Amino acid sequence: MKKEKMKQSIKSIIISALQWEAGKVLEKYQPKIIAITGSVGKTSTKDAIFSALADSFHIRKSEKSFNSQIGVPLTILGCQNGWNNPFIWLQNLIKGFILIVIKSHYPEWLVLEVGADEPGGIKKMSEWLKPDILVVTRFGKTPVHIEFFESVEELIEEDGALVDSLKRKGILILNSDDEDVRAFKNKSSNKTITYGTEGGSDIFGSNYRILYGIDKKGKFPTGIQFKVEYNGESALFVLMGVIGAHHIYPALAAVAVGTSQKLGVVQMSKNLRSHASPLGRMKIIKGIKNSIVIDDSYNSSPVALEEALKTLQMIEGTRRKIAVLGDMLELGEHSVPAHREAGAIASRSCHLLAVVGPRSRDIAEGALQNGMKEKDVLQFETSEEAGVYLENLIREKDIILVKGSQSMRMEKVVEEIMANPEEKEKLL
């Protein structure tokens with residue numbers, strides 16, 4: 001017990017020191033700060049904004065999903081996560097100190113992902129982090145990390161702390177397709193830009209369609225295309241190697257940020273053509289036996305899983321559609337109904353359902369209650385077990401969606417059924 005308390009004390013000291021140094025670095029170099037918050041799509045949005053602006057500005061983004069009270073300062077200081085290595089943490093603190101006392105070539109812009117994984121975390125960061133531009137993505141009916149909050153309203157209020165911390169001349173960018181995000185417009189006096197697909201948005205996305213390639217066996221998905229309009233200007237956007245209408249949102253947010261800095265829609269469509277979306281987010285990967293794997297294994301939430309299953313349902317030219325779904329974590333009292341609702345959606349989206357983990361049994365139950373046959377619903381304890389079983393089950397032209405929360409390690413399923421496992425370091 002004493003050892004655990006000591007660890008927590010040391011962690012608190014390190015966090016405080018990193019945040020103090022990060023604040024001093026921001027004070028010294030005065031970079032423009034773009035902060036991204038919300039429950040869904042933060043990392044994809046951060047990466048799309050970086051791709052849209054990188055040719056025009058000296059810019060740094062958060063690595064991977066560095067969005068916590070430790071991750072955000074590490075990005076500002078340009079340091080790596082020390083995990084359990086005290087020497088790396090000491091190096092990080094020294095590097096931060098050097099940045100403060102010695103003039104360095106520092107980025108003009110920072111793109112920071114900010115997450116609400118515990119009550120009070122964002123509010124504490126908002127005391128020293130003052131964005132020039134704030135992008136709020138989506139919450140959904142059952143947001144990620146809701147387990148740690150008393151209610152959805154409390155979680156949304158946590159993210160709202162960043163709205164309050166926007167600089168006086170800062171710009172607020174909102175996903176107007178989410179009513180809870182849209183409501184921030186009435187709570188802020190800052191200039192606001194909205195983006196969405198449902199009309200009435202400043203940045204409007206439409207005409208979404210899946211792109212296909214063709215071989216001797218038929219067609220297969222290769223990417224997506226959609227149209228973006230703003231202030232009389234429009235352009236077609238193409239994103240290759242990914243699938244899903246929700247990939248429109250990061251691009252629209254990137255356009256909103258770009259147009260706020262006088263960049264054109266057409267130019268940003270060119271910048272994003274070579275954009276590589278984050279790994280494990282609806283990435284198209286070649287599977288064994290000439291199958292296609294949709295790797296969405298990075299994480300899962302009710303709104304993201306619904307989008308993924310709807311995408312699976314839309315895909316044409318395949319023999320069977322298989323959904324491999326792991327537990328969704330951190331949902332608290334919402335867990336059972338959220339998993340059962342996912343099962344109901346899965347029953348309409350796939351021919352074969354495989355679930356992984358104890359919570360996902362409710363996905364299976366939801367699917368069975370909505371007409372899926374028992375022979376078409378498989379249940380596994382671990383992702384490794386599921387991957388080995390599916391390796392023998394998959395047939396030519398099958399398409400397999402793999403999704404689950406991070407700790408379920410659903411990428412192990414992908415590793416078993418991908419055509420080129422030797423490329424796993426690059427693809428997973």
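The values are calculated or read from the model by the stated rules, or taken from the named source; none is laboratory data. Worth saying up front: this structure is predicted, and the values here are computed from it rather than measured. Here Cβ is always computed from backbone atoms with ideal geometry, including for glycine, and neighbour counts include all displayed protein chains. Heavy atoms of the whole protein, side chains included, go into the accessibility calculation; ligands, DNA and RNA do not. Shrake-Rupley method; radii C 1.70, N 1.55, O 1.52, S 1.80 Å.
The residues of the chain expose, per residue, 46 Å² of accessible area to a 1.4 Å probe.
Where does the range 203-244 land on Rg(C-alpha)/(2.2 N^0.38 Å)? Please report the intermediate quantities before stating the final value.
Numbers: Rg = 12.7 Å, N = 42, 2.2 N^0.38 = 9.1 Å.
Normalised by 2.2 N^0.38 Å, the Cα Rg of the range 203-244 equals 1.39.
Along the axis of the charge dipole computed for the range 164-242 (Cβ charges of +1 for Lys and Arg, -1 for Asp and Glu, origin at the Cα centre), the listed residues THR194, LEU172, LEU211 are led at the positive end by LEU211. Its alpha carbons give the range 296-428 an Rg and a Dmax of 13.6, 41 Å.
The Rg/Rh ratio for the range 265-341 is 1.05, where Rg is the radius of gyration of the alpha carbons and Rh is the Kirkwood radius.
A compact globular protein would have a Cα radius of gyration near 2.2 N^0.38 Å; the ratio found for the range 319-381 is 1.00. First measure r as the distance between the Cβ atoms of SER234 and GLU316, then evaluate 1/(1 + (r/R0)^6) with R0 = 22 Å and state the FRET efficiency to the nearest 0.05. Efficiency at R0 = 22 Å is approximately 0.25.
Protein heavy-atom surface of the chain, 1.4 angstrom probe: 50% of the accessible area is carbon and sulfur, with nucleic acids and ligands not counted.
Listed cross-link partners LYS283/LYS321; LYS283/LYS403; LYS289/LYS424; LYS123/LYS191; LYS219/LYS286 are compared with a 19 Å cut-off, the Cα-Cα value being larger for LYS123/LYS191. Solvent exposure of CYS350, expressed as accessible area, is near 20 Å², computed with a probe of 1.4 Å over the protein chains only.
What number, in percent, do you get for the relative contact order of the range 308-361 if the mean sequence gap of Cα pairs under 8 Å and at least 6 apart is divided by its residue count? List each step's numbers first, then the result.
Working: 60 pairs, mean separation 27.9, N = 54.
Reported relative contact order: 52 percent.
Between GLY115, TRP89, VAL152, the Cα set farthest toward the positive side of the dipole of the range 59-158 (charges on each charged residue's Cβ, about the Cα centre) is that of TRP89.
Trypsin sites (Lys or Arg not before Pro) within the range 208-273: which are DSSP loop residues with at most 13 other Cβ atoms inside 10 Å?
Details: sites: ARG209, LYS216, LYS217, LYS219, LYS227, LYS262, LYS270, ARG273; in loops: LYS216, LYS217, LYS262.
Passing sites in the range 208-273 are LYS216, LYS217, LYS262.
Å³ per residue of the Cα convex hull, for the range 7-80? List each step's numbers first, then the result.
Values: hull volume 7.4 nm³, N = 74.
Normalising the Cα hull of the range 7-80 by residue number yields 99 Å³.
Calculated on the alpha-carbon coordinates, the convex hull of the range 1-134 measures out at 111 cubic angstrom per residue. Across the chain, Cα-Cα distances exceeding 37 Å account for 25% of all pairs.
Relative to the longest principal axis of the Cα atoms of the chain, helix 42-53 runs at roughly 70 degrees.
Taking the centroid of alpha carbons for each part, the range 270-302 and the range 394-413 are 11 Å apart. The residue among VAL257, LEU325, PRO337 whose Cα reaches farthest toward the positive pole of the charge dipole of the chain, with charges on the beta-carbon of Lys, Arg, Asp and Glu, is VAL257. Comparing MET240, MET314, MET372 in a Gaussian network model of the chain, where Cα atoms under 10 Å apart are tied by springs, the biggest mean-square fluctuation is seen for MET314. Grab the beta carbon distance between MET6 and GLN80, set R0 = 41 Å, and tell me the FRET efficiency rounded to 0.05. Result of the calculation: an efficiency of 0.95.
Hey, what number do you get for the chain at 222 nm if only DSSP H runs of n ≥ 4 count, each worth -39500 (n - 2.57), divided across all residues, to the nearest 500? My calculation for the chain gives -12000 deg cm²/dmol from helical runs alone. When you restrict to C-alpha pairs under 8 Å that are six or more residues apart and normalise by the size of the chain, the relative contact order lands at 14 percent. To the nearest 10 degrees, how steeply does helix 248-260 sit against the main Cα axis of the chain, on a 0 to 90 scale? Roughly 30 degrees, rounded to the nearest 10.
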